[in-house]
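The structure appears below as structure tokens.
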Amino acid sequence: MNYVELPLTVFVVDDEAPARTRLKELLADCNSQLPLEVIGEASNGVEALEKLAELQPDVVLIDIRMPQMDGIELARHLRKLPDPPAIIFTTAYDAYAVKAFELHAIDYLLKPIRLGRLFDALTHARKAVPPTIEVLQELLPEPRKNLSIHERGRVILIPIEEVLFLRAEQKYVTVHTEDREYLIEEALSMLEKEHAARFVRIHRNCLVAKDAIEGFEKVTDPENGESHWTVKIKGLAERLPISRRQQFIVKSFK
Amino acid sequence: MPTSQIIRQNPSYDVLPDFRSLGVLLRTLVSCNAAALVVALMRADNWSGVLRDFVQTGAALQPVLLGCLLALYVLSPALARLSYRRGVAVVLAVVAVIVLAAVEAGGELYISRYEQADLALARYLVGTVGLASALLFYFRLRAIALSPSIYKARVQALQARIRPHFLFNCINTVLSLVRSDPRRAETALEDMSDLFRMAMAQDRELVPLRDEIELSRRYLALEKLRLGDRLQFHWHQAEIPDDAMVPALILQPLLENAVYHGIEPLPDGGVIDVLLERKGGSIQIDVSNPNSKPAYRRRGNKLALGNIRERLDLLFDIEAQYRVDEAADYYRVRILMPYVKEEPS
């Protein structure tokens with residue numbers, strides 16, 4: 001009995017409708033030699049994440065430049081899925097990204113996309129090793145606009161502007177927003193580096209969003225009578241302690 | 001109103017300054033009065049003497065100065081037709097004649113009864129003609145200093161115009177239309193070739209505004225194909241004279257900037273407002289676009305805008321204004337420049 005390979009399932013993400021049309025035409029051209037099926041498309045990263053929770057394509061073609069969330073950030077969030085798809089980036093002109101892709105042997109296609117190159121990339125896609133989070137982090141020229149967690153088969157986005165503070169707890173970091181807390185598996189020091197413009201470190205284990213700081217309060221410890229500064233966050237009753245080494249930030253905010 | 005020819009259309013710096021430009025008038029007024037102050041400082045022996053002398057010299061100077069400026073303003077088109085050397089000779093002669101006329105009419109104001117009339121007259125002539133020569137020399141030096149910048153700014157504008165992003169975007173759009181809608185693909189290619197032809201054929205600093213409008217509209221049509229409903233634009237045009245001339249590539253880069261920074265970062269797009277208006281002796285160009293949330297904002301140098309600003313400065317000096325208004329929800333560039341008429345050919 002012949003072994004019949006299932007068609008390759010492909011998902012297309014591009015913010016420009018003509019670009020998606022063109023890509024689908026080329027994919028249809030590939031179909032005669034490489035059985036494949038386009039199972040969906042999205043015009044931005046958020047929409048893509050929503051749809052990809054239901055669909056599980058083998059390959060996702062992602063445009064790098066998109067509004068709201070660029071392609072590389074999307075790829076990072078997709079890595080959170082239990083069975084992440086292979087990713088092929090597409091870009092019209094992006095000297096920086098292209099150099100980095102070459103360096104890390106990441107699949108990319110230059111627009112206008114040639115049929116032959118698309119065909120090659122798709123043939124290799126099943127065997128390709130998806131880029132690691134570290135490499136994607138390096139590729140991202142700007143901080144991510146969202147953090148993300150994986151929850152019941154889907155990727156939940158936490159917009160970075162909603163994050164009030166981040167606290168390291170053993171293996172995890174808890175992300176605190178006004179409504180709830182999330183656990184993410186990332187290093188606080190990496191988050192601090194990535195979002196240096198938005199967060200300030202107040203303690204070895206805590207980063208606070210600068211915009212969320214409402215004020216500072218001096219608190220006296222009832223046990224030993226020592227006093228130290230704490231941060232008051234907008235809308236939260238909890239006071240976050242500032243470590244001795246970080247006391248200077250109280251002055252820098254006044 | 002300056003004509004296009006006078007505004008250094010000619011790359012050579014062997015041209016007289018434009019005596020009708022505000023910049024030249026102001027520079028002349030200020031430097032002549034500064035010279036009067038220097039003379040006062042040298043002649044007087046105490047501070048009140050300096051003031052008295054400055055006021056006296058000023059009283060004698062202003063009628064001559066204003067007379068010269070008025071005469072040169074009137075003679076300006078005729079002077080522009082002369083060779084540089086002849087032009088200089090005529091300017092100096094005009095100054096001398098006006099000084100003689102002023103001394104003749106002014107009497108006691110210029111020559112007191114205690115001094116020898118012919119010596120005083122010689123002093124006035126040497127002083128004013130000398131000052132006029134110095135000013136002409138200064139304007140020539142300034143033109144020499146600025147002409148490489150004008151050339152450089154123009155080259156930069158051309159380079160900025162053919163942005164790789166734009167070229168590849170266009171090609172992609174056309175490719176996506178080839179199979180599904182060959183007719184629109186044809187139109188898009190025609191628009192594209194017109195656009196690049198117009199953009200590359202710029203060998204003059206000033207082009208008819210109607211050409212720049214045409215170029216900009218073709219540009220928007222191409223972007224509209226790519227961005228679809230995300231790109232909306234409102235185009236208002238009021239009393240734009242048909243013979244108005246503007247610096248080449250002044251409007252299209254503003255629109256490209258608005259698309260790149262204002263529309264593309266927004267998932268749902270937005271509206272670009274273009275307003276072209278004649279206001280008396282000026283042409284006003286307004287381009288505004290939505291300002292995206294800082295989180296969505298694109299990085300990117302404001303090279304194109306810097307270049308426009310630089311060319312306006314070089315071409316129109318202080319007569320052009322360039323302003324950026326930025327608020328939470330919009331970003332607007334406003335340019336006000338003199339209405340320059342096309343030379344009838």
Notebook entry, point to check: Assuming B:L231 fulfils every condition listed in (1) modelled with pLDDT of 90 or more; (2) closer than 24 Å to B:G306 by Cβ apart from one, which condition is it?
Noted result: (2)
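Please indicate, with yes or no, whether at least one residue in region A:216-224 is away from chain B (no Cβ under 14 Å) and under 30 Å from A:E54 (Cα atoms). I'd like the intermediate steps shown before the answer.
Taking region A:216-224 first, the residues away from chain B (no Cβ under 14 Å) are A:216-224.
Going one step further and asking which of them are under 30 Å from A:E54 (Cα atoms), we end up with none.
No, that holds for no residue.
Matching residues to (1) in contact (Cβ under 8 Å) with a residue 12 or more places away in the chain; (2) surrounded by 14 or more Cβ atoms within 10 Å (Cβ to Cβ); (3) β-branched (V, I, T):
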position	(1), (2), (3)
A:A168	yes, yes, no
A:V175	yes, yes, yes
A:E181	no, no, no
A:E186	yes, yes, no
A:M190	yes, no, no
A:A197	yes, no, no
A:V200	yes, yes, yes
A:N205	yes, yes, no
A:A212	yes, yes, no
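Taking the condition of being away from chain A (no Cβ under 14 Å) and in a strand (DSSP E or B), how many residues in region B:244-273 meet it?
So in region B:244-273, the residues away from chain A (no Cβ under 14 Å) come out as B:244-258, B:271-273.
Still in the list and also in a strand (DSSP E or B): B:244-247, B:271-273.
So the answer is 7.
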Next item on the list: Go through (1) outside any loop (DSSP other than H, G, I, E, B); (2) within 12 Å of chain B (Cβ to nearest Cβ) one by one and return the number of the condition A:V38 breaks.
Entry: (2)
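Does region A:114-132 contain at least one residue that is of a type in the set (A, V, I, L, M, F, W, C), assigned to a loop (DSSP other than H, G, I, E, B) and within 14 Å of chain B (Cβ to nearest Cβ)? Reasoning before the result, please.
Taking region A:114-132 as the starting set, the residues that turn out to be of a type in the set (A, V, I, L, M, F, W, C) are A:115, A:118-119, A:121-122, A:125, A:128-129.
Next cut, assigned to a loop (DSSP other than H, G, I, E, B) only: A:128-129.
Cutting the leftovers down to within 14 Å of chain B (Cβ to nearest Cβ) gives us none.
Within region A:114-132, not a single residue is of a type in the set (A, V, I, L, M, F, W, C), assigned to a loop (DSSP other than H, G, I, E, B) and within 14 Å of chain B (Cβ to nearest Cβ).
Let's see how each residue does on (1) surrounded by 22 or more Cβ atoms within 10 Å (Cβ to Cβ); (2) of a type outside the set (S, T, Y); (3) more than 30 Å from A:M69 (Cα to Cα); (4) within 17 Å of the chain's Cα centre (by Cα):
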{"site": "B:L209", "(1), (2), (3), (4)": "yes, yes, yes, yes"}
{"site": "B:Y219", "(1), (2), (3), (4)": "yes, no, no, no"}
{"site": "B:E223", "(1), (2), (3), (4)": "yes, yes, no, no"}
{"site": "B:H234", "(1), (2), (3), (4)": "no, yes, no, no"}
{"site": "B:A238", "(1), (2), (3), (4)": "no, yes, yes, no"}
{"site": "B:P241", "(1), (2), (3), (4)": "no, yes, yes, no"}
{"site": "B:A248", "(1), (2), (3), (4)": "yes, yes, yes, yes"}
{"site": "B:S282", "(1), (2), (3), (4)": "no, no, yes, yes"}
{"site": "B:N291", "(1), (2), (3), (4)": "no, yes, no, no"}
Margin query: For region A:78-99, check the following and say yes or no: at least one residue is on the phi > 0 side of the Ramachandran plot, within 14 Å of another protein chain (Cβ to nearest Cβ) and touching a residue at least 24 places away in the same chain (Cβ under 8 Å).
Written below: no
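Per-residue answers, yes or no, for (1) of a type in the set (D, E, K, R); (2) crowded, with 19+ Cβ neighbours inside 10 Å:
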residue	(1), (2)
A:D15	yes, yes
A:E47	yes, no
A:L52	no, yes
A:L55	no, no
A:Q68	no, yes
A:E73	yes, yes
A:I88	no, yes
A:L110	no, no
Notebook entry, point to check: Somewhere in region A:161-181, is a residue within 16 Å of the chain's Cα centre (by Cα), under 21 Å from A:L52 (Cα atoms) and within 14 Å of chain B (Cβ to nearest Cβ)?
Noted result: no
Next item on the list: Being of a type outside the set (D, E, K, R), under 19 Å from A:L49 (Cα atoms) and out of contact with any strand residue (DSSP E or B) (no Cβ under 7 Å at 6 or more places or on another chain) is the filter; apply it to region A:141-160 and report the residue that is modelled with the lowest pLDDT.
Entry: A:G153
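So, of the residues in region B:41-85 that are assigned to a loop (DSSP other than H, G, I, E, B) and not polar (S, T, N, Q), which turns out to be farthest from B:V99 (Cα to Cα)? Walk me through it before giving the result.
In the first step, residues of region B:41-85 are kept if they are assigned to a loop (DSSP other than H, G, I, E, B); the result is B:44-46, B:82-83.
From the residues that got through so far, the ones that are not polar (S, T, N, Q) too are B:44-45, B:82.
Working: B:A44: 24, B:D45: 28, B:L82: 23 Å.
Restricting to residues being assigned to a loop (DSSP other than H, G, I, E, B) and not polar (S, T, N, Q), the top hit is B:D45.
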Check: Going by the conditions given, is A:Q33 surrounded by fewer than 20 Cβ atoms within 10 Å (Cβ to Cβ) and under 19 Å from A:H150 (Cα atoms)?
Finding: no
Check: Within region A:43-62, can one find any residue that is more than 10 Å from chain B (Cβ to nearest Cβ), within 23 Å of B:F168 (Cβ to Cβ) and without any contact (Cβ under 8 Å) to a residue 40 or more places away in the chain?
Finding: yes
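The values are calculated or read from the model by the stated rules, or taken from the named source; none is laboratory data. Small disclaimer: the values here were computed from a predicted structure and weren't measured. Virtual Cβ from ideal backbone geometry, glycine too; neighbours counted across all protein chains shown.
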